[in-house]
């Protein structure tokens, strides 16, 4: 995070000095090439050959190292994209996620035709505001007149720049319309993160406790005290080593800007660390006493050798290896990030599969877990360096259309899937893969088709769910394992989108506040491991207080007040009073109960006989 913050500051300084003007942006006026404008009579991607039948190649930089298009670049999906738009895409990505490559491209004036960056990152706002990006509104007027009509008004409202223009398209944006359609189909969104535990160890502990006291219930293991006792018993009775984690946290990293660790993010939700106060104001969660309680809980786990010191330097692949070998009793992470590892363990040890469990704070408050729904994860933009913006906006138009979404998720109609026309229940129609593709999914050879999550930059995340009768793409054994790792928690999941509100980019304080937010992120990324690994509870709390004191000196109260103004305005625009169900008397939160550590096990989905377990 420190490197990233320095990069943001470097870009800001250079932009203010005009040093980045050589990129084709800066404060220079954007130049629109003189190509024939498109009509509304036909789709924009059907008009390029009329004036330029040449096939072209564009460079598209995706700013995350884990992006993988290999294998799909010569697939039926990429072939169809080129056939429809005349464009072949050359994807580029960084080796590491420290921002160096993007910074080099900007500083050297070498931004490619298209870039994809974090939707909530400073780069997205800054590059648009400083003139390095074409507004898609203007490109659409000229060369894709139907495009803006395909973009939900929520997206424009959320991402519009200070000039009222929209400068790109987000991935992972769940619209209200789609969410309502999903609920109408009888489906529920899953949580983003989860706590999962080995079922065999868990059941053995429950049996032991009941043998000691017939009135004991597993709900007692959902408290912090009960959870620690359970983990200690499992470690002792199964001889779990001090060199392997009994409780495995997601990797500590510098690119997860909130806390530096997804496990901390998700535990904040289990402990009900309040993102909003009872009056509906945005809060600074680190000052909530529940946050301190959570940190002392982690310190106790560490002191008992249930969390090991290696966890603070463990990589994603190492965590995956722990899981694949069934070493942890409990994992706190985003299960979807390790679906393949969980699957491999479950294949060999079905009675020891990992299952989701519940945990509360000491007061037993029912947790609220954020759903996968979000207001954008990545954001794709056409840069001022783009040589053919007339053609690239048609590419965007095609991919964002329903026809394009069907291609990206399902491939080619009649070849890889069948299509049933849309109706009231299925607003995008209903799709089913052909037997050949089902077999490929079953055998994990489907990657060659280039569809379903290969091209993730311009996809509507709800499209595949809404076009599947079961509400989820159950294609192979891994997909069933992945779903069941969170299904039983669905009763405790809420839509977090309101709390992912847009900030006021027109405010003169915006740049300073974003820098302050980055400094505060970095502060806690540095302090959280120190708090967890402190020698005892007193030292852990002292370290927390020291961190909060530094946050106060940095100015967290000013930042929180500034962000609260944007939060209150966003809620007012939406016509809602609260963004957090705990505070909303009409949300049904007060009716929620915890009746089992397993959650609602009836939500598990059985694996059909025709799914190959491999």
- Query: What ranking of 276, 180 emerges when the number of other C-beta atoms within 10 Å of each C-beta is taken as an exposure proxy, fewest first?
  - Reply: 180, 276
- Order by neighbour count: 268, 563, fewest other Cβ atoms within 10 Å first, most last. 563, 268
- Which shape class applies to region 268-388: rounded if a/c is under 1.5, otherwise prolate when a/b exceeds b/c and oblate if not, where a ≥ b ≥ c are the square roots of the Cα gyration tensor eigenvalues? oblate
- For the pair residue 592 and residue 212, how long in nm is the line joining their label points, each one 7 Å along Cα→Cβ? 2.9
- Query: For region 124-165, what does the alpha-carbon gyration tensor say about shape, rounded, prolate or oblate, given a ≥ b ≥ c as the root eigenvalues, a/c under 1.5 as rounded, and a/b over b/c as prolate?
  - Reply: oblate
- Query: Rounded to the nearest 5, what % of the DSSP beta bridges within the chain are antiparallel ones?
  - Reply: 60
- Potential extension, residue 569-residue 74 segment - 0.36 nm per residue separation minus Cα distance: 173.5 nm
- Item | Added length on full extension, which subtracts the Cα-Cα distance from 0.36 nm per residue, residue 95 to residue 232 | 45.3 nm
- Task: Determine the shape class of region 459-545: with a ≥ b ≥ c the square roots of the Cα gyration tensor eigenvalues, call it rounded for a/c under 1.5, and otherwise prolate if a/b is greater than b/c, oblate otherwise.
- Result: oblate
- Message: Using a 7 Å offset from the Cα along the Cα-to-Cβ direction at both residue 434 and residue 352, what is the distance between the two label points in nm, to one decimal?
- Response: 4.2
- Here are several values of Rg and Dmax of the Cα atoms in Å: (i) 29.0, 95; (ii) 25.0, 92; (iii) 25.0, 82. Which one was derived from the coordinates shown? (iii)
- Query: For 116, 416, what's the fewest-to-most ordering of other Cβ within 10 Å of each Cβ?
  - Reply: 416, 116
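We did not get these values from a lab; they are worked out from the coordinates using the rules stated. As the structure is a prediction and not an experimental result, all values here were calculated from the model. With ideal geometry, Cβ positions are generated from the backbone for all residues, glycine too; neighbour counts draw on all protein chains shown.
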